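Following: one structure in structure tokens, then a few remarks.
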Amino acid sequence: MHGGLDRPTSGHSFVGGLDIGNLDDAGLTQLRRDRIGFAFQYFNLIPTLTAAENITLPVALAGAKVDQEWLDYLVGQLGIADRLTHRPGELSGGQQQRVACARALMNKPDLIFADEPTGNLDSNSSDSILERMRTLGT
């Protein structure tokens, strides 16, 4: 699966019943922003934004209002509620990883692509984050 980053050369790819091979560039952008969460091994956080701004970036790009209750719940479950005003450079690797996971979950996506989202964490923290991603994503 390509997450809408590439166009299929044959066959079909569906997200929530939507054949993404039939979408134009704007449709693919909207799909990735609204219905797919991405959590990368190397975080891809924007260094000039706070943790809260990085988490809510998909919402801001969509021009939507942040669901504050959901944000509070996510950051509480991921243990980063006290780090929201910090920029990525002020966070540990594990905290950055949690911010990236929260961002992937912020829009309550239909699908999450995770490229080793716990690669920089110890095994106990990895297990905890993966379990939270499973339960928060449902």
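Laboratory data are not the source of any read-out in this text; all were calculated from the coordinates shown. Just so it is clear, the model here is predicted, and its values are computed rather than measured. Here the Cβ is made from the backbone with ideal geometry for all residues, glycine too, and neighbour counts use every protein chain on show.
Proximity of backbone amide H atoms, modeled 1.01 Å from N, is registered between Ile112 and Gly37 at under 5 Å, excluding neighbours fewer than 5 places apart on the same chain. Per-peptide packing, taken as the mean over residues of other Cβ atoms within 10 Å, places 53-60, 65-72 in the sequence 53-60, 65-72 from highest down.
The stretch between Asp82 and Glu69 holds 3.1 nm of extra length on full extension. This uses 0.36 nm per residue minus the Cα-Cα distance. Spin-label model, Asn124/His12: points 7 Å from Cα along the beta carbon direction are separated by 4.8 nm.
As a rough guide to protection, the peptides 106-114, 92-100 ranked by mean Cβ packing within 10 Å, highest first, stand as 92-100, 106-114.
Report the local net charge at Asn107: Lys and Arg +1, Asp and Glu -1, summed over other residues whose C-beta lies under 13 Å from its C-beta. Once all neighbours under 13 Å are counted, the net charge is +3. A Stokes-Einstein calculation at 37 °C with viscosity 0.692 mPa s, built on the Kirkwood radius of region 14-136 over Cα pairs, returns a diffusion coefficient of 223 µm²/s.
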